[in-house]
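Structure first, commentary second.
Rule-based calculations on the coordinates, nothing more; no lab input. Predicted model, so just to flag it, every value in this text is computed and none were measured. With ideal geometry, Cβ positions are generated from the backbone for all residues, glycine too; neighbour counts draw on all protein chains shown.
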């Protein structure tokens, strides 16, 4: 997730430095060819690259809109995960029969909170194709870790642990049937959100569409100097470079937005969101345990399963 509203031009142009270098070399080479072989006609009607540029603009606009829709949907889904995680723990805290504020009941609630935070971290890591177990070591106990390691789909295994604990609480009379149904509905919504994220992750944006845009863009850049050479001469070098940079940046933006779980600055900040969820859930448990007395939950760096990656411009 980008943090700064003003991103340095060096950072922006660095994303297309290879393309810009090739464009500059081509423009200079074309200008030198025209200078030394002036008798050879290299002029074409400006209308030809203009028509191609118009087509590219329409294609890029469509691709950018579709890419942004994917990115925004991913952000909406993780917003729902935040809300449902808070709802889940609130239901556990309120529904669980604990008139005496027993240690056993508090341990159950704290365990549930940590496990839900672990679910968020593991889902984010899985979507980014990273190790989903690594951030869970400080949140799950040894038995739970052994259980989830046996499963290929770690987030789904954690939801199964939720369901098992709910069944035990129901069998021991700690929660009632209708309460268990309400909590299970919340778990179902979390599972739905997980499936939606996986749908975005596993649905590839049509590669042929990107290939056609890149082909048309290269053709446009090649033909543009032919249409400008007799009108502005050497000035076609900076002009063509500027126009090419604008098109390449729009294309690059669409490419980054279309895959919101690739661990890039423009991604949905799943690690930062998971970190926020963990803090919220643990604070809810501690405040209830201490009978709503004001208390600050300490988060030491060593105890945090994962820290959102930060630099000057973005957080992941």
Revision key, fill the gap. In a Gaussian network model of the chain with springs linking alpha carbons closer than 10 Å, the residue among 194, 284, 32 that fluctuates most is 32
Revision key, fill the gap. Here segment 93-176 gives, from Cα atoms, an Rg and Dmax in Å of 13.8, 44
Practice item. Kindly express, to the nearest 10 degrees and within the range 0 to 90, the angle between helix 17-36's C-alpha long axis and the longest C-alpha principal axis of the chain. Key: 0 degrees
Review point. Quick one: if the Förster radius is 30 Å, what FRET efficiency do residue 280 and residue 191 give, using the C-beta to C-beta distance and rounding to 0.05?
Key: 0.90
Check your understanding: If you line up the Cα atoms of segment 1-141 on their principal axes, what length do they span on each, largest first, in Å?
Key -> 97, 28, 27
Review point. Using a basic spin-label model with each label point 7 Å from the Cα along Cα→Cβ, how many nm lie between residue 9 and residue 160?
Key: 5.6 nm
Check your understanding: To the nearest 10 degrees, how steeply does helix 207-232 sit against the main Cα axis of the chain, on a 0 to 90 scale?
Key -> 30 degrees
Check your understanding: Where the centre of each part is set by its Cα atoms, how far does segment 21-82 sit from segment 156-227, in angstrom?
Key -> 32 Å
**Study point:** Residues residue 219 and residue 32, FRET efficiency given R0 of 30 Å [Cβ-Cβ distance, rounded to 0.05]
**Key:** 0.90
Exercise for review: Enumerate the residues in segment 161-190 having an amide nitrogen under 16 Å from the point lying 7 Å beyond the Cα of residue 87 toward its Cβ.
Suggested key: 179-190
